[in-house]
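Some notes on the structure that comes next.
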Amino acid sequence: MSAPPAEAPTVRAFLSLGSNLGDRAAHLRRAVDQLRAGSDPAVTAVSRVYETDPVGGPEDQGAFLNLVVELAVPPSINPYRLLEQCHRLEAAAGRVRTVHWGPRTLDADVVWVDGVVLDDPDLTVPHPRWRERRFVLAPLAELAPDLVGSDDIDTAGGEVRVVGMV
């Protein structure tokens with residue numbers, strides 16, 4: 001009788017998803033379903049959904065729904081692969097980039113990858129503003145309390161309220 005094959009080691013990666021145009025919940029649900037269907041990298045957890053007022057951008061845009069997805073990625077992951085995955089999710093949701101920080105069907109960002117520090121014009125990991133945004137910190141704290149302290153959430157900008165699950 002042989003032992004089952006050992007699983008390859010993984011580290012955590014966290015993506016932040018948000019939507020404030022159209023059927024916001026459906027956009028988030030589809031993005032999470034697309035991530036789960038690809039299963040490479042594997043989705044290991046999804047936070048609850050939070051409703052938040054927009055931070056930055058035009059004053060007249062509607063509230064966002066936000067969540068965070070945890071992925072199990074190989075330690076040698078190329079973070080640009082995660083960025084490409086985020087862009088595919090946004091394209092599938094029909095995102096059009098016209099106004100910086102403007103309304104969008106889906107916004108997908110790489111927030112954190114264990115052991116990765118990258119500062120490049122196309123991608124910065126950890127996300128450069130993740131500690132300033134309660135709409136990232138509150139759902140991230142559910143999945144990775146080791147990364148987010150209560151003081152972080154208290155000093156971050158924006159209000160959040162839990163509105164459900166995807």
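Selection over the range 113-155 of residues that are closer than 27 Å to Asp23 by Cα and surrounded by 17 or more Cβ atoms within 10 Å (Cβ to Cβ) gives a count of 13.
Residues in the range 2-39 that are among the polar types (S, T, N, Q), outside any helix (DSSP H, G or I) and either touching a Cys at 6+ places or on another chain (Cβ under 8 Å) or modelled with pLDDT of 85 or more (or both): Thr10, Ser16, Ser19, Asn20.
Among the residues of the range 96-103, is any assigned to a helix (DSSP H, G or I) and of a type in the set (Phe, Trp, Tyr)? No; the residues of the range 96-103 include none that is assigned to a helix (DSSP H, G or I) and of a type in the set (Phe, Trp, Tyr). Pick from the range 50-72 the residues that are small (Gly, Ala, Ser) and assigned to a loop (DSSP other than H, G, I, E, B): which of them is modelled with the highest pLDDT? Top of the filtered list is Ala63.
The values are calculated or read from the model by the stated rules, or taken from the named source; none is laboratory data. Here the structure is a predicted model, which is why all the values come from computation and not from measurement. Using ideal geometry, Cβ is built from the backbone for each residue, glycine included, and neighbour counts are taken over all protein chains shown.
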